[in-house]
Amino acid sequence: MDVLFLEAPYSGEVNLCAATLNYLKKEKYTKVALYASVQFCNNLEIVKQQLEKANIAVITSKPDRTHVKSQLLGCDNYHSSLHLAEKELQEIDAYLYVGDGKFHPLALVYAQKDSAVMKEIICNDPMRKAMTLMGLDDIKTKLRRYRGALLKFFSAKDVGVIITVKPGQEHLRPSFFLEKIFPEKKFYYFIDDTVSFNQLENFPFIEVWVNTACPRIGFDDQLQFRKGVINLNDALNAKEILSTESVINRI
């Protein structure tokens, strides 16, 4: 079946509300990384002008799999997918997200779990004309479970690898690197179109799961995995993640 995806840009005015501007000034932020969900990306010029008038510099990028610059996907849970240079990551004072809901900006929180310092995410909703803040407290419980699953992965002998055949989410070949990095483990590959959580209990010999589909499954759906779950990217780099002075190792 052929599928055609069309953008549906927001037709209203997109700008920063007074609460957002006042907060940026109060915190004396001088440089922010600006991102938005796709329906608001078409009209960020006013936002940039407001920031410029407040003497706040803007850094942005075109993350993986996005169509336009500054667009943020909810599955961009890693700094590398944002394509910001290391120097830029150090220079920014905070992330500024323009859009509604929590799903997309939470990706910016998860992306910092391997960082030494977690920077604040300021969310500006142009429809409600309201500001909210996001940070470590929003994901602390999930990060603790996730770190426990990482530790469990190290000791596990039988590991289940979840593969989806959905375009854009299929990572079968990259998952084979697990066998090269961890030859002492036995990996079992479970391939399906949709991840069926209710079927996981049919394989009690699996000690921990590795998710290769949408990386948000590894965070938002943790309670669906009684044995624990980590994402492929973190499984491949588990030793490095657990040996650094990062946020996930200090919670």
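Read-outs throughout are calculated quantities, based only on the coordinates presented, and are distinct from any laboratory measurement. Note that the coordinates shown come from a computational prediction; the quantities given were computed from them, not determined experimentally. Quick reminder, even Gly has a Cβ in these numbers, built from the backbone with ideal geometry, and neighbours come from all protein chains shown.
Figures for the structure shown
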item: Segment 12-42 versus segment 191-207: alpha-carbon centroid distance in Å; result: 42 Å
item: In Å, descending, principal axis extents of the Cα set of segment 95-175; result: 50, 31, 18
item: Per-selection Rg to Rh, the chain - Cα, Kirkwood hydrodynamic radius; result: 1.00
item: Selected from Ala94, Ala116, Ala149 as most flexible by GNM, with the chain as the system and alpha-carbon contacts under 10 Å; result: Ala116
item: Size of charge dipole - segment 18-138 - debye, nearest 20, with Cβ of Lys, Arg +1 and Asp, Glu -1, no other charges; result: 320 debye
item: Linear extension gain, Glu7 paired with Val58, 0.36 nm per residue minus alpha-carbon span; result: 15.9 nm
item: For the chain, share of DSSP beta bridges that run antiparallel, in % to the nearest 5; result: 15 percent
item: Whether segment 1-76 is rounded, prolate or oblate, judged on the alpha carbon gyration tensor where a/c under 1.5 counts as rounded; result: prolate
item: Karplus-derived HN-Hα couplings along segment 190-207 (A = 6.51, B = -1.76, C = 1.60, θ = phi - 60°), whole Hz, x at Gly and Pro; result: 10, 10, 7, 6, 10, 5, 9, 4, 5, 8, 5, 5, 6, 10, x, 6, 6, 8
item: Segment 140-249: translational diffusion in µm²/s, Stokes-Einstein, Kirkwood Rh over Cα pairs, 4 °C, 1.567 mPa s; result: 93 µm²/s
item: Reciprocal of mean inverse Cα separation for segment 18-138 (Kirkwood radius, Å); result: 14.2 Å
item: GNM flexibility winner over the chain from Asp137, Asp125, Asp234 (Cα, springs under 10 Å); result: Asp137
item: Packing-based order for 20-27, 212-219, using average beta carbon neighbours within 10 Å, highest first; result: 212-219, 20-27
item: Added length on full extension, which subtracts the Cα-Cα distance from 0.36 nm per residue, His67 to Asn237; result: 58.4 nm
item: Where labels lie 7 Å past Cα in the beta-carbon direction, separation of Lys25 and Ser155 in nm; result: 5.5 nm
item: Among Gln49, Gln71, Gln112, residue whose mean-square fluctuation peaks in a GNM of the chain (springs only between Cα atoms under 10 Å); result: Gln49
item: Distant-in-sequence amide H partners of Leu96 (H built 1.01 Å from N, under 5 Å); result: Ala33, Leu34, Tyr35, Ile122
item: DSSP-defined antiparallel bridges as percent of all bridges, segment 18-138, nearest 5; result: 30 percent
item: Fraction in percent of alpha-carbon pairs per bin - 5 Å, segment 32-81; result: 4, 21, 30, 22, 14, 8, 1
item: Label-point gap, in nm, between Lys129 and Lys186 - each point 7 angstrom along Cα→Cβ; result: 6.4 nm
